[in-house]
Each structure stands twice: as structure tokens, then as C-alpha cells.
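Heads up: the structure comes next, in C-alpha cells.
The values are calculated or read from the model by the stated rules, or taken from the named source; none is laboratory data. Not measured: the values here are computed from a predicted model. Every residue, glycine among them, receives a Cβ derived from its backbone with ideal geometry; neighbour counts consider all protein chains shown.
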Amino acid sequence: MSREIGWHGGGARYRASRVERAAKMCRRKLKIRKLDDDPCLLLVAVELLKQGWSPQQIAGRLPIDHPGEEAVRVSHETVYRWIYALRSGRTRRKPAHGRTPEAPRIARMRWIEERPADAVDRQAPGHWEGDLIIGNDGKSAVGTLVERVSRFVVLVPLARP
């Protein structure tokens, strides 16, 4: 977790919503496989596959047959992914069908760092903290209220409209 936070600006700048949005954008991008991008490399790999070579053998043989040509390098995982894509008929990622819509977002959401100073120290009784727990696929939800001094918890089941 700390590595993830470090990659995205550290604890002071990290926002899960921003990271999630960036991850969604990356998933939507068209991924071009190396074998599809280089027709010569594809031709060599296909010929070796037709001769009964395994992807590991192809990955090991290319540097021997083409020394000094960094463009003619491919890992065995790349060959396996290309074979899988060919067999499944998929040309690129497609969104999963039948997914439920995302859970509604909280309007005017405030970060926990923005709470008042007297609420931070948990000394004054009567300060309550609320949270929302959304279940699997957004099908259920529970609101939680915690009194900050006594830690008394109230759970409020929420019905979907």
C-alpha cells in the first residue's frame, strides 16, 4: 500500500478517486501487442510456431538468429498472449457486459483532513463521525455513526431507491 501511495505523490497528495480514474483510463486504451505491431517479427514467430517450436524456444532463438537487433526480441509471455488473442478472436479489451452501474458518488464530499481541530483530538463528547459502507456491486449499503469519545457505534441499514 505504501508503494502505491508513493507512486502517486505521497500521503499528502494521494487521492484514491484520482488514482481510480487514471486506472480506468489506462484500461480503456487500446493495447497494441508487439507481434501485431511488427509484421516481420510476427512472420518469424508464426513460422517457428508452425514448425512446432514453443514460445520459450522462440524467445530464446530470436537473439541468436538476429544478434544486435534489439527490435527482434520478444518474451515467451508475449507469444502466449498473441496466441490467446488469436484463438479467442479478441482484438482488444472490451468492457464486461452485464456489469451493474457504479454506485452513486457523494455530492460535495469533504476529506477527513478538513475536519475541525476540536474534532481531531476526540476530547469533546457529542462529536459523531459518519461513514458509508457500500456492499458488493453497490447492491447494499450501511451507514455508520461513531461517537468519537465513547466509540459508541450506530449502524443504519440503507435501502436502495
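Any idea which of T100, T91 is closer than 30 Å to P63 by Cα, at pLDDT below 80 and part of a loop (DSSP other than H, G, I, E, B)? Explain how you work it out, then say what you get.
Working: T100 fails: closer than 30 Å to P63 by Cα.
Of T100, T91, the one residue that is closer than 30 Å to P63 by Cα, at pLDDT below 80 and part of a loop (DSSP other than H, G, I, E, B) is T91.
Looking only at region 125-132, decide whether some residue is over 21 Å from R15 (Cα atoms), in contact with a helix residue (DSSP H, G or I) (Cβ under 6 Å, 6 or more places away or on another chain) and either assigned to a loop (DSSP other than H, G, I, E, B) or at pLDDT 80 or above (or both). Don't jump to the end; show me each part of the working.
First, the residues of region 125-132 that are over 21 Å from R15 (Cα atoms): 125-128.
So of that shortlist, the ones also in contact with a helix residue (DSSP H, G or I) (Cβ under 6 Å, 6 or more places away or on another chain) come out as 127.
Next cut, either assigned to a loop (DSSP other than H, G, I, E, B) or at pLDDT 80 or above (or both) only: 127.
Yes: one or more hits.
Out of K34, K50, K24, report the one residue that is among the basic types (K, R), at pLDDT below 85 and closer than 30 Å to V72 by Cα.
Values: K50 fails: at pLDDT below 85; K24 fails: closer than 30 Å to V72 by Cα.
The unique qualifying residue is K34.
What about D65, is it among the acidic types (D, E), without any contact (Cβ under 8 Å) to a residue 60 or more places away in the chain and loosely packed, with under 10 Cβ neighbours inside 10 Å? I'd like the intermediate steps shown before the answer.
Values: among the acidic types (D, E): yes; without any contact (Cβ under 8 Å) to a residue 60 or more places away in the chain: yes; loosely packed, with under 10 Cβ neighbours inside 10 Å: no.
No: the conditions fail for D65.
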